[in-house]
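Please treat every number below as a calculation from the coordinates, not as lab data. Fair warning: this is a prediction, and the values are worked out from it, not measured in the lab. All Cβ positions, even for glycine, are placed from backbone atoms using ideal geometry, and neighbour counts span all protein chains on display.
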Amino acid sequence: MKGNEALAEAAIRAGCRHFFGYPITPQTEVSAYMAKRMPKIGGTFLQAESEVAAINMVLGAASTGKRVMTSSSSPGISLKSEGISYIAGSDLPCLIVNVMRGGPGLGGIQPSQADYWQATHASGHGDFFNLVFAPSTIQEMVNLTFTAFDLADKYRMPAMILADGMLGQMMEPVEFPEVQAHPIEKPWATTGHGGKRPHNIVNSLYLKPEDLEDLVRQRFARYEVVKENEVLVESQYTEDADIVVVAYGATARIVNSAVKSARAKGLKVGVIRPITLWPFPEKVIAQAADSCKAMLCVEMSMGQMVDDVRLAANGKVPVHFFGRTGGVIPTPAEVLAEIEKIAGGVQ
Amino acid sequence: MAIVFQKPKALTDAVFHYCPGCTHGIIHRLVAEVLDELQIEDKAVGIAPVGCAVMAYDYFTCDMIEAPHGRAPAVATGVKRALPDGVVFTYQGDGDLAAIGTAETVHAATRGENITVIFVNNAIYGMTGGQMAPTSLPGQITQTTPYGRDTSTAGYPVRVCEMLSTLSGTALAQRVAVDSVPHVKEAKKAIKKAFQNQIDKKGFSIVEILSSCPTNWGLSPVEALDWLRENMLPYYPLGVYKDIDGEAK
């Protein structure tokens, strides 16, 4: 199955019955799949007049407590940033998919990871975070879609699947898990009070600074629980590694090939693959920095996640960077050459 | 003792923050009376705008959502698609509906989105202190048109009902005013019809209500109503611009 289609099917199986989107490459197949499936299962597929409208439709549907999503690619996510901030500020759960392409501006339509900063640090104005998941296989696109909906509901915050054009367009066999939707009670939802409770208000406006500060602090206390419990990360060959390479998403697949070649050449190289980009696996990286001699961060960008890796490594080891950007995909040979360059210095 | 006049049940006990002489209070009351009379308050979800009515969520007893500026029709669309049997209304001002939210308004209408839109047109941005609105009149002095709205540089006011009446998805587009008792009565009838249309699944219904802003117009409440009659009524004629029940004039 194509990555974009697998993700869409997973969302439906996770109980999502409302999809609001606007056409953009390379997320196209998500919308096309939803347009085909939703009318058949009594769901909503709505092609909005803009990304701005689509994310606000998500806000409305999320306010009713229903599972809802939108998908887009980089320039479209910029347009959604207003709505994402309001959704976070109103403590609403939803799923936002970004199938990243090259930027800035209209950029290109080839795979990229240049929206890392936006997704993890600045997906809208104000103090807030989203859950950010970075799959590296189509199977993981499926699994993380379920996780994303569940955790968004649990913590009442937006979740984002941060994929790239390569994962979206690639085909791999997938299995859909047995256990599917995990709906939970949402007593805060605006569904009409039915004469059974006081009115619910979904709102992000707090004119008294102390009230707003209190609310943001409460939200950040919740973020601490997320950071403690929801980090997902994969480590390989890190126990004896002199060099630890950090990469996520499709780039991690390229890095894996390079690391296997390096191991075959006798170089002690390991890989850390953050699966959640927020919360970021800073403890795992900090531990690795205690035992390795150098780190290398590889991204399809000019170097964004590398900032978080450096913060986690906290100066204990040098953190090198290698990246290609604009839609250029790094090759295993290029990554291996970087590893060998660093190994030369380490030995 | 017979009660002849009381606060509608659909209004909370919160004290309105509106300025003296502002007609938002009348319009809130009319909407609340209609929610009571049609017995839909318990299944209603209201969408508040950004602007003077931003805190409408504190005044109506039904479930409420505060939308980003101009996005109320999109938020309402999301709610209505998720709750097709609910009653969903937006309450928006002129900056919200006819400037920053023009796309959301036009497309909710053209989709025939089965929602009710209460559009308060007072020809100015009230909340931010009296800037030019998309509906400010030619020559109107505002903070951002200190020499009067010059149509050669600032363009012309938008006639929303006329514009939306051209769209197939619009079920009702009616302009009313709240400057006099007969007009208030007419306004309530229109609001009631706009909600009844939604119950009857007829599609997008908008009621534009010409309203006064004494504070930012720099007039007394009485003078402001005179100004509305003398200046707004000629540019924005009252009437039914579209009614799929065939009553458009």
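General remarks:
- Measuring spread by the Cα atoms of the stretch A:112-231 yields a radius of gyration and Dmax of 17.6, 53 Å.
- GNM flexibility winner over chain B from B:A99, B:A123, B:A133 (Cα, springs under 10 Å): B:A99
- Between the stretch B:150-229 and the stretch B:1-43, the alpha-carbon centres lie 18 Å apart.
- Entry note, chain A: the mean residue ellipticity at 222 nm calculated from DSSP H runs of n ≥ 4, each adding -39500 (n - 2.57), is -13500 deg cm²/dmol after division by the residues and rounding to the nearest 500.
- Close amide H partners of A:V245, meaning residues 5 or more places away or on another chain with modelled amide H under 5 Å apart, are A:G270, A:V271, A:I272, A:L296.
- Candidates A:P279, A:P198, A:P39, ranked by Gaussian network fluctuation over chain A, Cα under 10 Å, top entry: A:P198
- Considering only Cα atoms, the convex hull volume of the stretch A:1-86 works out to 85 Å³ per residue.
- Number of partner chain Cβ atoms within 10 Å, mean per residue of A:191-201: 6
- In chain A, the longest principal axis of the Cα atoms and the axis of helix A:51-63 are about 60 degrees apart.
- For the stretch A:200-217, putting each phi into the Karplus relation 6.51 cos²θ - 1.76 cosθ + 1.60 with θ = phi - 60° gives couplings of 8, 10, 9, 7, 10, 9, 9, 6, 7, x, 5, 5, 5, 4, 4, 5, 5, 5 Hz, in residue order, rounded to whole numbers and with x for Gly and Pro.
- Part-to-part distance (alpha-carbon centres) for the stretch A:72-125 and the stretch A:180-214, which is given in Å: 25
- Taking the inverse of the mean reciprocal distance over all distinct Cα pairs, the Kirkwood hydrodynamic radius of chain A comes to 20.6 Å.
- Residues whose amide H comes within less than 5 Å of that of B:G70, counting only those at least five positions distant or on another chain, are B:V50 (H built at 1.01 Å from N in the peptide plane).
- For the stretch B:36-41, 3J(HN,Hα) per residue [Karplus equation, 6.51 cos²θ - 1.76 cosθ + 1.60, θ = phi - 60°, Hz, x = Gly/Pro]: 5, 5, 8, 6, 10, 4
- Calculated from backbone phi, Karplus (6.51, -1.76, 1.60) coupling profile of the stretch A:146-152 in Hz, x at Gly/Pro: 4, 4, 4, 5, 4, 6, 4
- Computed log₁₀ I(q)/I(0) - Debye formula, equal Cα scatterers, no solvent, the stretch A:217-347, q 0.13 Å⁻¹: -0.50
- By the Stokes-Einstein formula, at 1.306 mPa s and 10 °C, the protein assembly as shown with its Kirkwood radius over alpha-carbon pairs has D equal to 62 µm²/s.
- With a 10 Å cut-off around each Cβ of A:12-21, the average count of Cβ atoms from other chains is 1.
- Solvent-free Debye calculation, one equal scatterer per alpha-carbon of chain B: log10 I(q)/I(0) at 0.15, 0.16 Å⁻¹ equals -1.00, -1.15.
- Straight Cα distances below 24 angstrom link B:K7 to the lysines A:K196, B:K43, B:K185, B:K188, B:K189, B:K192, B:K193, with same-chain residues fewer than 8 positions distant left out.
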